[in-house]
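Q: Quick one: this structure, given as structure tokens, is what I'll be asking you about.
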Amino acid sequence: MNSDELNTKIIGFFETIEKYYGCKTEITEGLFSEIDDMDAEHTTWNLSEFDLVRSAYRKNGLKFMMEGNQRYYEVSADKIINFKQPGRHKYEFIEQYSETVFRITKIRFHNKY
């Protein structure tokens, strides 16, 4: 996927995220050092759940943010190297922070529809 296609998909996601406001939002975040190996043995995972109440693009720092009940999560827009929708109401971002530091963010909305 070229960078124009990637940007279009990411912007499309955030332009329509309001439909998930009020939905339980599950974010699974993994830190890893090998882009082709997200094996549990080599990845550190975190899980967070909240009801999504707000989202925005923070120009200062180029961040996409999602906010819920006492939760705040950001994705660095300028570090995204991959974005996909692996299922209905499921999305995945991969950010690259250095040659050997990557973060995958898996978002699942428990949609009421």
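The values are calculated or read from the model by the stated rules, or taken from the named source; none is laboratory data. Here the structure is a predicted model, which means the values were calculated and not measured. Side chains are part of the model used for accessible areas, which takes the heavy atoms of the whole protein and leaves out ligands, DNA and RNA. Shrake-Rupley method; radii C 1.70, N 1.55, O 1.52, S 1.80 Å.
Q: Which of the lysines could a cross-linker span from Lys79 if the Cα-Cα distance has to be under 27 Å and same-chain partners fewer than 8 positions apart are dropped?
A: In chain and number order, the partners are Lys9, Lys19, Lys24, Lys59, Lys63, Lys90, Lys106.
Q: Output ³J(HN,Hα) for region 76-93: one whole-Hz value per residue in order, computed from phi by the Karplus curve 6.51 cos²θ - 1.76 cosθ + 1.60 with θ = phi - 60°, and x for Gly and Pro.
A: Going residue by residue, I get 6, 4, 7, 9, 6, 10, 7, 8, 8, 10, x, x, 5, 6, 10, 9, 9, 10 Hz, with x marking Gly and Pro.
Q: What angle do you read, to the nearest 10 degrees and between 0 and 90, between the alpha-carbon axis of helix 3-15 and the longest principal axis of the chain?
A: Rounded to the nearest ten degrees, it is 30.
Q: Which shape class applies to region 43-87: rounded if a/c is under 1.5, otherwise prolate when a/b exceeds b/c and oblate if not, where a ≥ b ≥ c are the square roots of the Cα gyration tensor eigenvalues?
A: On the way: a/c = 1.59, a/b = 1.06, b/c = 1.50.
Oblate is the answer for region 43-87, as a/c is 1.5 or above yet b/c matches or exceeds a/b.
Q: Let me ask another. Before rounding to the nearest 500, sum -39500 (n - 2.57) across all DSSP H runs of length at least 4 in the chain and divide by the residue total; then give [θ] at 222 nm in deg cm²/dmol. Before the final figure, lay out the partial values.
A: Values: 1 runs with 13 residues, N = 113.
The helix contribution divided over the chain gives -3500 deg cm²/dmol.
Q: How big is the Cα convex hull of region 37-113 in projection, averaged over all directions, in nm²? Working shown, then result.
A: On the way: hull surface 24.8 nm².
Answer in nm², one decimal: 6.2.
Q: For region 11-89, with every protein chain kept in place, what is the accessible area per residue (1.4 Å probe, Å²)? Walk me through the numbers on the way to the answer.
A: Details: 4960 Å² over 79 residues.
Per-residue accessible area for region 11-89 comes out at 63 Å².
Q: To continue, here is another question. Search the structure for amide H atoms under 5 Å from the amide H of Lys63, placed 1.01 Å from N in the peptide plane, and list their residues when 5 or more places away or on another chain.
A: For Lys63, the qualifying residues are Arg58, Ala77.
Q: Let me ask another. Which percent of the accessible heavy-atom area of the chain goes to carbon and sulfur, probe 1.4 angstrom?
A: Taking all protein chains in place, the chain shows 46 percent carbon and sulfur surface.
Q: Separation of region 6-30 and region 59-95 by C-alpha centroid, Å?
A: Taking the Cα centre of each part, region 6-30 and region 59-95 sit 7 Å apart.
Q: With θ set to phi - 60° and the Karplus curve 6.51 cos²θ - 1.76 cosθ + 1.60, what are the ³J(HN,Hα) couplings of region 58-73 in order, to the nearest whole Hz, using x for Gly and Pro?
A: 9, 4, 5, x, 6, 10, 8, 10, 10, 9, x, 4, 6, 10, 8, 9
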